[in-house]
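Report on the structure given below.
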Amino acid sequence: MAQIITIVLAGILTENMVLSKFLGICPFLGVSKKTNTAVSMGIAVTLVMLLATAVTFPIQVYLLDPYGLSYLQTIVFILIIAALVQLLEIVLKKYIPPLYTALGVYLPLITTNCAVLGITLLNFTNSRIEGNYAYALFNALGAGLGFMLAMFIFSGVRTRLETSNIPESLKGLPITLVAAAIVSLSFLGFAGLVK
Amino acid sequence: MNVILLAIIVVAGIGLIAGLGLSLASVLMAVKTDEKVEALRAELPGANCGACGFSGCDGYAEALAKGEAKPGACAPGGAEMNEKLGEILGVSVEMAEPMVATVKCNGTCDHVGNKMFYTGVSTCKAANMMYGGTLSCSFGCLGFGDCEKACQYGAIKVVNGKATVDKDKCTACTACAKVCPKSIIEMMPEKKKYAKVVCSNKDKGAVARKVCEVACIGCGKCAKVCPSEAVVVENNLARIDPAKCTACGACVDACPAKCITF
């Protein structure tokens with residue numbers, strides 16, 4: 001139990017996907033303008049991260065490793081994630097239309113999201129997981145929640161930026177990147193919280 | 001050789017399973033969409049401006065297909081596109097009259113002064129909350145450009161402290177009128193030539209004159225000279241009915257404040 005809490009907390013705070021590992025920056029900058037779309041994106045990413053880990057982990061352990069095909073990891077995972085996202089889209093459209101319309105374009109966008117691929121790959125380099133399937137799933141959950149938290153915080157920062165008086169040369173992306181750097185810096189404060 | 005073959009088999013196998021799974025899922029879990037909706041949606045401009053009164057182009061297309069709405073309400077699409085909508089639905093189209101956004105204020109920086117030194121958030125909405133804005137005229141255009149930011153077509157620009165509409169680019173989507181805290185932007189007929197009062201000041205003549213040189217003082221001269229009874233003065237502000245106006249120009253010449261133009 002302690003290990004699970006450690007894994008989830010590490011995913012959210014100390015090893016935040018966006019703010020410490022710098023993965024998934026494009027949705028972080030692209031869809032963080034409004035809080036509700038940012039949170040929708042966060043939910044979608046968490047969902048896909050969980051699903052992707054649930055499928056890729058056994059494939060790595062039972063298919064790639066025994067046959068010495070670990071070098072195919074990246075391409076196989078990309079293939080699986082792409083297919084999974086498409087499948088999820090079809091299923092949601094059929095059975096949960098409100099969620100489908102709420103997630104909208106964000107779902108297909110996740111197909112090429114490096115945070116999702118990142119978490120499936122990092123599951124095998126993270127020393128806390130020790131090849132445990134359940135731990136890997138919690139790692140994905142933590143990373144997804146961490147992504148959502150980063151999106152949520154940053155959308156708040158950006159709404160403030162919208163109404164601020166910004167120097168002409170910094171308007172738009174420059175000030176956004178500066179703000180992102182400061183938010184990332186603030187997350188450094190969590191370093192050492194989780195061992 | 002064996003290693004290469006194994007790799008190919010594994011990747012191709014996973015691809016095949018994923019592909020089959022997806023095609024199976026798309027057949028089993030297919031959701032019926034109305035072809036008409038998609039055809040209509042393809043014709044609509046996709047600006048999602050809401051000028052038709054629906055939530056966006058998707059909403060309008062759905063309402064059209066269900067028969068809840070009539071084609072002709074899409075202002076940005078223009079007459080040609082609305083006729084295409086009619087063709088898809090098999091009905092005739094009564095096109096709404098083409099409109100253009102009109103800013104009913106003539107108070108540029110040359111004519112109207114400021115009543116305060118404002119350093120707050122530079123939007124009209126914020127400035128308006130502060131004692132009704134920076135301008136000494138409490139009805140006029142604040143010139144922070146909320147409308148300019150709202151316009152998807154780049155048709156409205158703040159020039160010399162006052163919003164100015166580019167008639168060629170304007171599609172009458174009403175986005176600017178919705179964000180204007182002073183509500184001085186109105187959609188008016190585009191084609192017909194008519195005189196219009198470019199002022200929204202409802203103060204009494206002397207007060208209005210004091211704050212702005214080109215404010216309507218409600219003197220009523222325009223109403224007197226108008227041969228077709230198109231001008232009405234209400235609340236110290238003249239208003240011209242475009243439908244009745246014959247563009248004779250009598251009011252334009254008579255106006256002492258020069259706030260009536262074509």
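The values are calculated or read from the model by the stated rules, or taken from the named source; none is laboratory data. As the structure is a prediction and not an experimental result, all values here were calculated from the model. We place every Cβ from the backbone using ideal geometry, glycine too, and count neighbours over all the protein chains shown.
Taking the listed residues B:Ala215, B:Ala208, the one that is touching a residue at least 40 places away in the same chain (Cβ under 8 Å), more than 20 Å from B:Ala47 (Cβ to Cβ), in a helix (DSSP H, G or I) and of a type in the set (A, V, I, L, M, F, W, C) is B:Ala208, with no other qualifying.
The set of residues from segment B:117-171 being out of contact with any strand residue (DSSP E or B) (no Cβ under 6 Å at 6 or more places or on another chain), at positive phi and not aromatic (Phe, Trp, Tyr) comprises B:Gly132, B:Gly133, B:Gly154, B:Asn160, B:Gly161.
Collect the residues in segment A:57-81 that are more than 8 Å from chain B (Cβ to nearest Cβ) and surrounded by 19 or more Cβ atoms within 10 Å (Cβ to Cβ), keeping them in residue-number order. Within segment A:57-81, A:Phe57, A:Gln60, A:Phe77, A:Ile81 qualify.
Contact annotation: no residue pair with Cβ atoms under 8 Å, 6 or more positions apart or on different chains, pairs a residue in segment B:14-36 that is more than 10 Å from chain A (Cβ to nearest Cβ) and at pLDDT 85 or above with a partner that is assigned to a helix (DSSP H, G or I) and surrounded by 10 or more Cβ atoms within 10 Å (Cβ to Cβ).
Within segment B:114-129, is there a residue that is more than 30 Å from B:Arg209 (Cβ to Cβ) and in contact (Cβ under 8 Å) with a residue 60 or more places away in the chain? Checking segment B:114-129: not a single residue is more than 30 Å from B:Arg209 (Cβ to Cβ) and in contact (Cβ under 8 Å) with a residue 60 or more places away in the chain. Restricting to segment B:106-131, and then to whatever is hydroxyl-bearing (Ser, Thr, Tyr) and within 14 Å of chain A (Cβ to nearest Cβ), can you tell me which residue is nearest to B:Ser200 (Cα to Cα)? So the residue we want is B:Thr123. Restricting segment B:46-78 to residues that are assigned to a helix (DSSP H, G or I) and of a type in the set (Asp, Glu) leaves a set whose member that is surrounded by the most Cβ atoms within 10 Å (Cβ to Cβ) is B:Glu62. Filtering segment A:43-85 to residues that are over 19 Å from B:Leu5 (Cβ atoms) and among the aromatic types (Phe, Trp, Tyr) leaves A:Phe57, A:Tyr62, A:Phe77. Whether a residue is at the interface with another protein chain (Cβ under 10 Å from one of its Cβ atoms) and surrounded by 16 or more Cβ atoms within 10 Å (Cβ to Cβ) was assessed, and B:Ala7 passes this test. For segment B:101-124, a tally of residues being modelled with pLDDT of 85 or more and closer than 24 Å to B:Leu237 by Cα returns 6.
Within this structure, A:Val157 passes the test of being in a helix (DSSP H, G or I), more than 14 Å from every other protein chain (Cβ to nearest Cβ) and modelled with pLDDT of 90 or more.
The set of residues in segment A:22-39 being surrounded by fewer than 21 Cβ atoms within 10 Å (Cβ to Cβ) and out of contact with any Gly (no Cβ under 7 Å at 6 or more places or on another chain) consists of A:Phe22, A:Ile25, A:Cys26, A:Leu29, A:Gly30, A:Val31, A:Lys33, A:Lys34, A:Asn36, A:Thr37, A:Val39.
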